[in-house]
Amino acid sequence: MNVVPLHTGPARRKRLGKVNVPKITMAHGGGGKAMRDLIEDVFITAFDNPTLAPLEDQARCRLSELAMHGDRLAITTDSYVIHPIEFPGGDIGKLAICGTVNDLAVGGAKPLYLSCAVIIEEGIDVDLLRKIAASMAKTAREAGVLIVTGDTKVVDKGACDKLFINTTGIGVIREGLDLGADRVRPGDAILVNGLLGDHGAAILNARGDMKLSTPLASDCAALHGLIEAMLAAAPDTRFIRDATRGGIATVLNEVAEASQVGIEIHEDRTPLRAEVRGFCEILGLDPLYLANEGKLVCAVPPDKAEDVLAAMKSHPLGKDAAIIGHATNGRPGHVVMHTVFGGRRIVDMLVGEQLPRIC
Amino acid sequence: MKYVDEFRDPEKAKFLLNEIRTLSTRVHDGMDRPLQIMEVCGGHTHAIFRYGIETMLPDEIELVHGPGCPVCVLPMGRVDDCVALSELPNVIFTTFGDAMRVPGSKKSLLQAKSEGADVRMVYSPLDSLKIARDNPNKEVVFFGLGFETTMPSTAMTILQAERESIRNFSLFCNHITIIPTVKAILDSPELQLDGFLGPGHVSMVIGNQPYAFIAEQYGKPLVVAGFEPLDILHAVWMVLKQLDEGRCEVENQYSRVVPNDGNAVALDAVGRVFELREFFEWRGLGSIDHSGVRIREDYKAYDAERKFDIKSIKIADPKSCQCGEVLKGVIKPWECKVFGGACTPETPLGALMVSSEGACAAYYQYGDVEKIHSKRAEIKVAAGAGK
């Protein structure tokens, strides 16, 4: 079979376009020169790589390159809408890369390519957009993934909140790995990789309603490196999931349901920052339900628990890792927490989002 | 965490539980039903479930979860009024977060918001006043809700609005007062309560004196309690101690926060702004005399009920709900016909399923479901045997 050389385009067009106005207008979504200038100035400049460079309607990736990494393709997509778009510990751009990289990695996939589609609200500063694109590029570079295709739309003021980003990720799963929410067995150990609830607390605080001065920052991070280390220590890991919206409580409920096991966790082994605890005490929130963007929950066979814990602790994103509980053959689908106080309570799914209590 | 961890010490809990066991065995001796202690306040209910305190107490003690969740006892008609206010053109409707989900007869505030009403969640009535200051061309309404705990901050906000001559701010007053409600429960013929845990934060404002009649006229011990788990165990122990020694008094376990005479400044603000209503409607309990407050004539400019045309249509509680019986401790939440079936936190029929402080929602969310199921089975067996 002849190998068709991939078209990487003419070295590059003479000069990239430039946006010379300070704010995005509807013209930047009109399909004409203004739009091309926006794409080139903001996105191409930041994401620059040979697969993206030809600017065809689709990115072209070699199957042989994919096949080097394993035997199954992993595809995921996620849309990022967050207020405020810049927050302590990150911004919407970093989040859009880490979130999708993590969704690939928790399935055991090596993340390779990302798409990036943005919906921009008319009137936002072009410099802000440049900053977000630079943040995406930096995060992608650190995570070893390429942003290979994309799309931009501009909508009327009020039709979106500053900037929405969708990223789709493609990765490859190594032969032999088989992780799934339905694989957990009674006796399996349940671990987390560190302090919980930082992202949720930081975002609530960044919205500024409470005006609490705390050093709370989002834990937003790409976890593929950590997961690689974990899977090296225990290739028979049952299940990994990043504990984003709904926190670890939601993940634990999902896995208990899917595997038809009970799960018991211990409040005193659940790692929490004092600031997050305090924040939750003030607002009457439960940290188990707070969002994380750099935390995962995993289940491993009991004899591998210590090995995986050691592997996690030796990685910078797992230094506060802990074994927080185990699966049981108790009531299937139910998560029970042993409280610090010596009692027991059910940890159920939330009905909607957590709302602060009146008094 | 300072001032928190000390009150969650499991070793101290073990010690207290031992003492409680000794006392309850003695006090319960010869009784054919469990000792029933009611925690009046929803904050206590929440803490009891959050720390699994019921699972730690001996079987002879039953905690009855009282009416002190202001979100739960809000009648459906008042929620409808809130929705109608929020849907008026030019109105910004502001509310505490947990009132957003309370179902009205047609929709909740959360649903009204999704349909375009300008409903905003605030943490304090002062946030609401700021919104009024920032939006002089809008009418800003604050949904005043809660017992004496939240009343002073609402009163202070109205006084502040007057000082600043802010005219586009008003209060939809649904504040309620705890004493007449406790009295109504005590007057209930089905009552079999043995003692009370008094509401800590309400007492921080009103002090301990208003409860004296509970001990003097009804002969029931009451201990004002804090909200940490050790506070609650300590207060249960104090109630048992009174029962054991044949005393019934008002005692203060939460003395680090609750002064005997309450907070004079707060009471003064409340007294200046509010007066008692003749009666107020409670979800699950019906109408109770003098159990709510309204804004005095002097501050009528800040009264949403006078400013807007509010319908206040009374909506009856669904017939299948047994909230009233649960509130009085006559039945446990899981003994209600609709608990966990037609009535769940997703689709609450009754008051007590509405907020996480409501006894039914707390059982549903935190309660030991296995225990509930086995108890249900026991009840069925017992009912079958009785036929």
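Per the listing B:Val102, B:Val83, the residue uniquely within 11 Å of chain A (Cβ to nearest Cβ) and in contact with a helix residue (DSSP H, G or I) (Cβ under 6 Å, 6 or more places away or on another chain) is B:Val102.
Of everything in region A:143-175 that is in a loop (DSSP other than H, G, I, E, B) and of a type in the set (Asp, Glu), the residue that is nearest to A:Ile240 (Cα to Cα) is A:Glu175.
Here region A:238-264 is the region considered, the condition is being of a type outside the set (A, V, I, L, M, F, W, C) and assigned to a helix (DSSP H, G or I), and the residue that is nearest to the chain's Cα centre (by Cα) is A:Gly247.
Taken over region A:147-159, the criterion of being over 20 Å from the mean Cα position of the chain (by Cα) and buried (at least 18 other Cβ atoms within 10 Å of the Cβ) is satisfied by A:Thr152, A:Val154. Among the residues here, B:Gly146 does not qualify as of a type outside the set (Phe, Trp, Tyr), surrounded by 19 or more Cβ atoms within 10 Å (Cβ to Cβ) and on the phi < 0 side of the Ramachandran plot. Residues that are in contact with a helix residue (DSSP H, G or I) (Cβ under 8 Å, 6 or more places away or on another chain) and acidic (Asp, Glu) were ranked within region B:234-277; the one that is farthest from B:Tyr218 (Cα to Cα) is B:Asp261. In region B:131-152, what residues are under 15 Å from B:Ser170 (Cβ atoms) and within 12 Å of another protein chain (Cβ to nearest Cβ)? Listed by number, the residues that qualify are B:Ile131, B:Phe143, B:Gly144, B:Leu145.
Among the residues of region A:307-317, are any facing chain B (nearest Cβ under 8 Å), closer than 25 Å to A:Gly90 by Cβ, charged (D, E, K, R) and surrounded by fewer than 20 Cβ atoms within 10 Å (Cβ to Cβ)? No - not one qualifying residue is present in region A:307-317.
Taken as a whole, region B:137-156 holds at least one residue that is in a loop (DSSP other than H, G, I, E, B) and farther than 27 Å from B:Leu267 by Cβ. The residues of region B:65-108 that are touching a Lys or Arg at 6+ places or on another chain (Cβ under 8 Å), closer than 18 Å to B:Met353 by Cβ and of a type outside the set (Gly, Ala, Ser), listed by number, are B:Cys72, B:Val73, B:Leu74, B:Pro75, B:Met76, B:Asp98, B:Met100.
The set of residues in region B:105-125 being assigned to a loop (DSSP other than H, G, I, E, B) and within 11 Å of another protein chain (Cβ to nearest Cβ) consists of B:Ser108, B:Val122, B:Tyr123, B:Ser124. Restricting region A:318-351 to residues that are of a type in the set (Lys, Arg) and within 11 Å of chain B (Cβ to nearest Cβ) leaves a set whose member that is farthest from A:Asp268 (Cα to Cα) is A:Arg331. Does A:Thr168 satisfy being closer than 30 Å to A:Ile324 by Cα and among the hydroxyl-bearing types (Ser, Thr, Tyr)? Considered against the rule, which asks whether it is closer than 30 Å to A:Ile324 by Cα and among the hydroxyl-bearing types (Ser, Thr, Tyr), A:Thr168 comes out as no.
Is it the case, given these coordinates, that A:Val276 is within 11 Å of chain B (Cβ to nearest Cβ), among the aliphatic types (A, V, I, L, M) and in a helix (DSSP H, G or I)? It is true that A:Val276 is within 11 Å of chain B (Cβ to nearest Cβ), among the aliphatic types (A, V, I, L, M) and in a helix (DSSP H, G or I).
Suppose the filter is at pLDDT below 95, aliphatic (A, V, I, L, M) and more than 20 Å from the chain's Cα centre (by Cα); does B:Ile295 pass it? No: the conditions fail for B:Ile295. Quickly run through region B:22-49 and pick out the residues that are within 14 Å of another protein chain (Cβ to nearest Cβ) and over 21 Å from B:Thr149 (Cα atoms). Passing the criteria: only B:Phe49.
The residues in region B:86-99 that are away from chain A (no Cβ under 14 Å) and polar (S, T, N, Q) can be counted, and the count is 2.
The values are calculated or read from the model by the stated rules, or taken from the named source; none is laboratory data. All figures in this text were calculated on a predicted structure; none of them were measured in a lab. FYI the Cβ positions are ideal-geometry reconstructions off the backbone, even for glycines, and counts take in every protein chain you see.
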